[in-house]
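Okay, so here's the structure we're looking at.
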Amino acid sequence: MKKVSTDKAPKAIGPYSQAVVVNGLVYTSGQIPLNPESGVIVGKEIKEQTEQVMKNLSEVLKSAGTSLDNAVKTTCFLADINDFSAFNEVYAKYITNAPARSCVAVKDLPKGALVEVEVFAVI
């Protein structure tokens, strides 16, 4: 197992890695819409936050030697399921190959985020 780390995405806010690589697959940790430099949530609306999440994931995957184009599974967490359509608008700009996906509403996300996404991708 190889740990993946980049300064172009937020540092882990707990005892975990940004991603790990095992047998040619990258498993990212969930990304919330943190600015990588300040550690502060970017945006107050779902679209702004989703943009930041997808940028963070892109940087983590790039550091692992792959990209969102190689995603095989995503798991998406929304603080409010009513944001589903707006979330999908932004998500679809970044994830174009239609991988398997789960999308659920949860009670709370770290730091009050509206969205969190994790990705499994092939290298």
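Just so it is clear, none of the values below were taken in a lab; they were calculated from the coordinates. What you see is a predicted model, and the numbers here were worked out from it, not measured in a lab. Counting neighbours? That spans all protein chains shown, and the Cβs are built from the backbone with ideal geometry, glycine included.
Of note:
- Candidates E37, E51, E59: whichever shows maximal mean-square fluctuation once the chain is modelled as a Gaussian network with Cα springs under 10 Å: E37
- Separation of the K3 and E48 label points, Cα + 7 Å toward Cβ, nm: 3.3 nm
- Each label point was placed 7 Å from the Cα along the Cα-to-Cβ direction; for N97 and Y16 their separation is 2.3 nm.
- Charge-dipole axis of the chain as Lys and Arg at +1 and Asp and Glu at -1 on Cβ define it, positive-most pick from T74, L34, P110: T74
- Overall dimensions of segment 41-123 as given by Cα atoms, namely Rg and Dmax in Å: 12.1, 34
- In this structure, the pairs whose alpha-carbon distance is over 23 Å, taken from K62/K93; K2/K44; K8/K44; K2/K93; K2/K111, are K2/K44; K2/K93; K2/K111.
- Over segment 78-123, the ratio between the Cα radius of gyration and 2.2 N^0.38 Å evaluates to 1.22.
- Debye, to nearest 20: dipole size of the chain, +1 on Lys, Arg Cβ, -1 on Asp, Glu Cβ: 360 debye
- Label positions at V122 and N82, each projected 7 Å from the Cα along the C-beta direction, are separated by 4.1 nm.
- DSSP-defined beta bridges in the chain - what % are antiparallel, rounded to 5: 75 percent
- Prolate/oblate/rounded label for segment 1-56 (Cα gyration tensor, a/c 1.5): prolate
- Of P36, P99, P15, the residue with the greatest mean-square motion in the GNM of the chain, using alpha carbon springs below 10 Å, is P15.
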